[in-house]
Amino acid sequence: MDQQAIEESEARFEAYVQELTSVIGHKDRAGPLRCYCKGLLLETGRKSVEPMAAVTAPERTAPQHQSLLHFVGNAGWSDAAVLGRVLELVLPSMEKHGPIEAWILDDTGYPKKGKHSVGVARQYCGQLGKQDNCQNAVSVSIANHYASLPIGYRLYLPKEWAEDEARRKKAGVPEDVTFKTKPEIALDLVKQALEDNIPRGIVLGDAGYGADTKFRDGLTELGLPYAMGIGPGASIWVPGTGPLPPKDWSGKGRPPARLRRDEEHRPVTVKALALTLEESAWQTISWREGVDEALKSRFARLRVRPAHEDYRQNEPRPEEWLVIEWPEGEDEPTKYWLSTLDAGIPFEKLVDSIKLRWRIERDYQELKQELGLGHYEGRGWRGFHHHATLCIAAYGFLISERETIPPSGASAPVRFKKPAVPVSYRPRGSPSPHPAPRAGFDCHRA
């Protein structure tokens with residue numbers, strides 16, 4: 001983009017940040033807010049406090065470092081208020097391209113060294129694809145086919161952290177934060193979104209959430225349809241089958257109320273069912289344009305009843321969609337979903353809704369690679385969440401900027417250029433460019 005376009009974008013950024021200052025409390029926080037968000041948007045390397053201080057205030061790096069450090073790590077502004085204002089500012093840009101279609105749930109990990117950063121523990125880290133020392137956070141994003149925006153974000157606090165009063169106090173973990181599983185945190189975020197009257201959509205999530213029957217039931221109780229990933233071992237009743245009714249009452253004691261199973265009435269796994277389907281059950285469906293061509297795969301769908309521990313239930317669970325993906329060339333199906341979307345929904349629309357979850361992958365890719373979501377180096381609860389909130393605020397600005405790009409222009413919003421850093425600037429811990437001379441040492445004369 002030319003210089004005029006850059007200047008216009010910077011003017012819109014100033015107006016955007018000015019809107020955010022209305023919810024951060026003290027007026028003296030306006031400057032650090034502007035600098036922190038701009039530092040996240042600058043074309044620099046690491047987005048931790050010190051390098052951002054160097055590029056946003058090259059001639060006064062030390063005091064700028066202290067100012068940003070206090071603003072993100074200690075200042076008592078509300079994450080919820082800032083995220084709410086970001087949503088108000090960005091939602092109109094999204095809805096110009098269609099209504100909100102989905103709420104997407106996910107979690108992401110941040111590899112960490114040591115054991116003092118809040119919530120760090122040896123656990124599964126999606127970024128590494130294995131168990132390792134890391135932090136994990138759960139988020140909910142609103143999405144349509146144009147864009148997606150995180151509206152809720154919460155650190156997962158492992159049980160060993162939740163029960164360690166000394167570490168909790170040192171990291172500033174609020175007293176009302178207790179141990180909760182990731183699906184429980186996700187359900188809290190969903191309930192908060194409902195309280196905030198966020199435009200509703202189908203709830204999407206991977207098997208880390210969909211495999212939790214209690215979580216899926218919680219969404220249904222809230223009146224929200226879902227399309228959730230499940231594992232190949234999930235049990236279901238195939239069409240035309242179901243659990244047995246309660247036993248006949250003998251006339252003594254309490255009448256039996258729970259459903260039953262016997263050797264002839266047992267559910268099957270979704271994988272076992274998928275492997276028995278005839279070729280005619282599979283349909284090739286495309287759902288969006290990829291880099292070179294439309295993305296497509298083979299799918300099958302059936303109306304089934306989830307069977308997980310339904311012998312503890314008094315009534316069979318309602319029917320819902322089971323969707324199975326088995327790409328050409330694969331030896332077996334690769335993905336499974338359960339969905340409470342309407343029984344009459346067209347197959348193509350069902351697949352399109354399920355696959356909208358790809359938006360969350362883009363969220364995290366841009367938030368991590370472009371805006372430094374995982375670069376925060378502080379150890380406290382407040383700083384961890386403040387940094388994430390500011391990254392989301394910067395991401396929201398980029399979403400709103402997409403509309404300013406002409407069809408023939410660049411594919412990504414303008415990014416601010418990095419100002420010159422003084423030659424004298426040297427990050428903490430780096431070696432001096434002019435070390436003091438040292439006396440030579442002759443091992444033969446020692």
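The values are calculated or read from the model by the stated rules, or taken from the named source; none is laboratory data. Every value quoted in this text rests on a predicted model; they were computed, and no experiment measured them. For neighbour counting, all protein chains shown are included, and Cβ atoms are generated from backbone atoms with ideal geometry for every residue, glycine included.
What the table shows:
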{"item": "Where a residue in region 8-22 is hydrophobic (A, V, I, L, M, F, W, C) and its partner, wherever it lies, is not in a helix (DSSP H, G or I), with Cβ under 8 Å and at least six apart", "result": "13/416"}
{"item": "Any pair with Cβ under 8 angstrom, 6 or more apart, that starts in region 173-191 at a residue that is farther than 16 Å from residue 139 by Cα and ends at one that is of a type in the set (Val, Ile, Thr)", "result": "173/118"}
{"item": "Candidates 187, 204, filtered to the one that is more than 11 Å from residue 103 (Cβ to Cβ) and in contact with a Phe, Trp or Tyr (Cβ under 9 Å, 6 or more places away or on another chain)", "result": "187"}
{"item": "Residue satisfying condition, being free of Cβ contacts under 8 Å to residues at least 60 places away in the same chain, surrounded by 12 or more Cβ atoms within 10 Å (Cβ to Cβ), of a type outside the set (S, T, N, Q) and closer than 30 Å to residue 245 by Cα, within set 267, 327, 316", "result": "267"}
{"item": "Extreme residue, nearest to residue 103 (Cα to Cα), among residues of region 163-184 that are outside any helix (DSSP H, G or I) and charged (D, E, K, R)", "result": "180"}
{"item": "Only one of 401, 377, 328, 332 that is closer than 20 Å to residue 41 by Cβ, outside any helix (DSSP H, G or I) and modelled with pLDDT of 90 or more", "result": "377"}
{"item": "Subset of region 224-241 that is in a loop (DSSP other than H, G, I, E, B) and among the hydrophobic types (A, V, I, L, M, F, W, C) - its residue that is farthest from the chain's Cα centre (by Cα)", "result": "238"}
{"item": "Residues that are part of a strand (DSSP E or B), in contact with a Phe, Trp or Tyr (Cβ under 8 Å, 6 or more places away or on another chain) and of a type in the set (Gly, Ala, Ser), drawn from region 91-115", "result": "109"}
{"item": "Single residue of region 344-395 satisfying the filter (among the polar types (S, T, N, Q) and under 22 Å from residue 290 (Cβ atoms)) that is surrounded by the most Cβ atoms within 10 Å (Cβ to Cβ)", "result": "353"}
{"item": "Residue in region 291-298 that is farther than 30 Å from residue 149 by Cα, touching a residue at least 12 places away in the same chain (Cβ under 8 Å) and of a type in the set (Lys, Arg) present", "result": "no"}
{"item": "Filter result for residue 11 (of a type outside the set (Val, Ile, Thr), in a helix (DSSP H, G or I) and loosely packed, with under 14 Cβ neighbours inside 10 Å)", "result": "yes"}
{"item": "Residue count for region 325-359, restricted to those that are among the hydrophobic types (A, V, I, L, M, F, W, C), in contact with a Leu (Cβ under 8 Å, 6 or more places away or on another chain) and under 11 Å from residue 301 (Cα atoms)", "result": "3"}
{"item": "Unmet requirement for residue 226, which otherwise passes all of (1) surrounded by 21 or more Cβ atoms within 10 Å (Cβ to Cβ); (2) of a type in the set (Ser, Thr, Tyr); (3) out of contact with any Ser or Thr (no Cβ under 6 Å at 6 or more places or on another chain)", "result": "(3)"}
{"item": "Qualifying position, being among the charged types (D, E, K, R), part of a loop (DSSP other than H, G, I, E, B) and over 28 Å from residue 183 (Cβ atoms), among 43, 88, 19", "result": "43"}
{"item": "Output for region 265-290, where each listed residue is modelled with pLDDT under 80 and not small (Gly, Ala, Ser)", "result": "289"}
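Residue-wise test of (1) more than 24 Å from residue 322 (Cα to Cα); (2) surrounded by fewer than 14 Cβ atoms within 10 Å (Cβ to Cβ); (3) in contact with a strand residue (DSSP E or B) (Cβ under 8 Å, 6 or more places away or on another chain).
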{"position": "185", "(1), (2), (3)": "yes, no, yes"}
{"position": "206", "(1), (2), (3)": "no, no, yes"}
{"position": "211", "(1), (2), (3)": "no, no, yes"}
{"position": "233", "(1), (2), (3)": "no, yes, yes"}
{"position": "248", "(1), (2), (3)": "yes, yes, no"}
{"position": "251", "(1), (2), (3)": "yes, yes, no"}
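Residue-wise test of (1) among the basic types (Lys, Arg); (2) within 15 Å of residue 386 (Cβ to Cβ); (3) surrounded by 22 or more Cβ atoms within 10 Å (Cβ to Cβ).
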site: 89; (1), (2), (3): no, no, no
site: 105; (1), (2), (3): no, no, yes
site: 132; (1), (2), (3): no, no, no
site: 138; (1), (2), (3): no, no, yes
site: 142; (1), (2), (3): no, no, yes
site: 161; (1), (2), (3): no, no, no
site: 165; (1), (2), (3): no, no, no
site: 171; (1), (2), (3): no, yes, yes
